[in-house]
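Peer 1: Quick one: the structure is below, questions incoming.
Every number in this text was worked out from the coordinates using simple rules, so none of it is lab data. What you see is a predicted model, and the numbers here were worked out from it, not measured in a lab. Don't worry about glycine lacking a Cβ; one is built from the backbone with ideal geometry, like all the others, and counts go over all protein chains shown.
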Amino acid sequence: RIAVGPPLDPKYHRVKALLAEQSGELDRAEQAWLAFIEDLQENPTLDARERSIAIALVYQHLGGGLTVLARGKGEYGPLPSPWDDADDEGDYQELVDRAMGYFERSLEHAPALRETYLMYLASLKELNQSPRKTRHVYGRLLEQFPDDLEVLLAAAHYYLEEDDPATAKKYAQAAYRLQPRDERVLTMIWRAALTTARLAARRREFGVARAE
């Protein structure tokens, strides 16, 4: 008879998921993680908030892993991932949809987990998903963290890359109100003005260009 596991993993589903990842059996790993989520939902040692965060973190992990699998190469984050060298890559779009779905589920359970938004946005970029979707996720992130300097700078940088200096400037100015002496903030405001001038000159709106 197999002994009961530790309080947070009484059926060893988390252990099974990690072992399956290490051996490259990713379908089995995914199913074990989903079974672990069911365990968490019924776990009497967790209060409601702890349960929501724990479940969100598992979904976050699945979203990140499937992003790596869809991308099919490299590392996700600072450490090598067991999802990097999987043999069964599956259908690309189906993997992308599953990854995005897991990030959405993570945010449903813990909408204030900043890291999930950042991983979600990184996945959208790496998997070349639509700018509309990226803007939507940035909007949700900014609703949760309207006074977070790093979030504001990330949003400003994104909109500059999308040639939308007006929106970039809005977030850069919000960052300026928080940290008016931060060199990154000042640089972002300058870059937004420069991009506005460049785009205006391209459209032959020379008055706008000179004003910037």
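Peer 1: In nm, give the distance between the simple-model label positions of Glu94 and Ala193, each being 7 Å from the Cα along the Cα-to-Cβ direction.
Peer 2: Each label point is offset 7 Å from its Cα along the Cβ direction, giving 5.4 nm.
Peer 1: For the pair Gln144 and Ala166, what calculated FRET efficiency results from E = 1/(1 + (r/R0)^6), where r is the Cβ-Cβ distance and R0 = 25 Å, to the nearest 0.05?
Peer 2: On the way: r = 23 Å, r/R0 = 0.92.
Here the calculated transfer efficiency is 0.65.
Peer 1: A further question follows. Give a residue-ordered list of calculated ³J(HN,Hα) values for segment 23-35 (Karplus: 6.51 cos²θ - 1.76 cosθ + 1.60, θ = phi - 60°; whole Hz; x for Gly, Pro).
Peer 2: Values, residue by residue: 8, x, 8, 6, 4, 5, 4, 4, 5, 5, 5, 5, 5 Hz.
Peer 1: Please give the contour-minus-distance gain from His157 to Asp47: 0.36 nm per residue of separation, less the Cα-Cα distance, rounded to one decimal in nm. List each step's numbers first, then the result.
Peer 2: On the way: separation 110, 0.36 × 110 = 39.60 nm, distance 3.84 nm.
In short, 35.8 nm is gained.
Peer 1: Now a separate question. If you average the C-alpha positions of segment 7-74 and of segment 157-196 separately, how far apart do those two centres end up, in angstrom?
Peer 2: Here the two parts' Cα centres lie 38 Å apart.
Peer 1: Once you place label points 7 Å from the Cα toward the Cβ at Ala122 and Glu104, how far apart are they in nm?
Peer 2: It works out to 2.2 nm between the two label points.
Peer 1: Within segment 130-162, name every residue whose backbone N is under 20 Å away from a label modeled 7 Å from Cα of Arg177 along the Cβ vector.
Peer 2: Only 138-160 fall inside the zone, counting backbone N under 20 Å.
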